[in-house]
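One structure is given below, encoded as structure tokens.
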Amino acid sequence: MTTANAANSAFKVYIENMPDALNTKKDVDEYCKQFWKDYKEKAKEAKAVKAEKPKRKKGVDKDGNPKEKRAPSVYNIFVKEKYAMIKDTNPEMDKTEIFAEIAKLWQIHKAEKAPVEEDKKVSEKKEDQDKKEEIVEVVEAPNKKPGRKAIAKKAKKTSPEEAQEEASD
């Protein structure tokens, strides 16, 4: 509910509770003005209470202890190194151009690094399989009792002729 709607609904309730002694337009106007004056004061007080709450500082957890920063990723380290290098060689380039150049370099870097990582993964998988083959022992499955056979349900007659035959029985 927005504040305007809240104020309007509160005003309607205030008007419904208006005493019958107010006969003139002047009295009703003063009564309404008093509501809006009180309403604005309450809103200011609520705002002041909200402002008094201390805001949490960045880099600090709820208990006030400093947060530990996460280690930078490989990409972050790459950008930091390349940004300084490109900025030194081309000082006239703006940030967007520098980051576009870094993105191209990163794609090249990833393409070069990917085959090496795949080779490592393949060799690790082969080593794991070799270890598993050494550890695997042949174990026979225990004798199991035969399970319960499923009970076949009788199919109901669905053709109209058969339905008439059932009805005549």
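No lab work stands behind these numbers, since they all come straight from the coordinates. A quick note: this is a predicted structure, and the numbers were derived from the prediction, not measured. Glycine gets a Cβ as well: all are built from the backbone with ideal geometry, and neighbour counts include every protein chain shown.
Points worth noting:
- Of everything in region 1-29 that is outside any helix (DSSP H, G or I) and surrounded by 10 or more Cβ atoms within 10 Å (Cβ to Cβ), the residue that is farthest from the chain's Cα centre (by Cα) is Leu22.
- Candidate set: region 83-99, residues that are of a type in the set (Asp, Glu) and not in a loop (DSSP other than H, G, I, E, B); chosen: the one nearest to Ala111 (Cα to Cα): Glu97
Conditions (1) surrounded by 10 or more Cβ atoms within 10 Å (Cβ to Cβ); (2) without any contact (Cβ under 8 Å) to a residue 24 or more places away in the chain, marked per residue:
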{"site": "Tyr31", "(1), (2)": "yes, yes"}
{"site": "Phe35", "(1), (2)": "yes, no"}
{"site": "Ala46", "(1), (2)": "yes, yes"}
{"site": "Val49", "(1), (2)": "no, yes"}
{"site": "Glu52", "(1), (2)": "no, yes"}
{"site": "Lys62", "(1), (2)": "no, yes"}
{"site": "Asn65", "(1), (2)": "no, yes"}
{"site": "Val79", "(1), (2)": "yes, no"}
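- From Lys69, Lys50, Lys37, Lys80, residue being over 30 Å from Phe11 (Cα atoms) and outside any loop (DSSP other than H, G, I, E, B): Lys80
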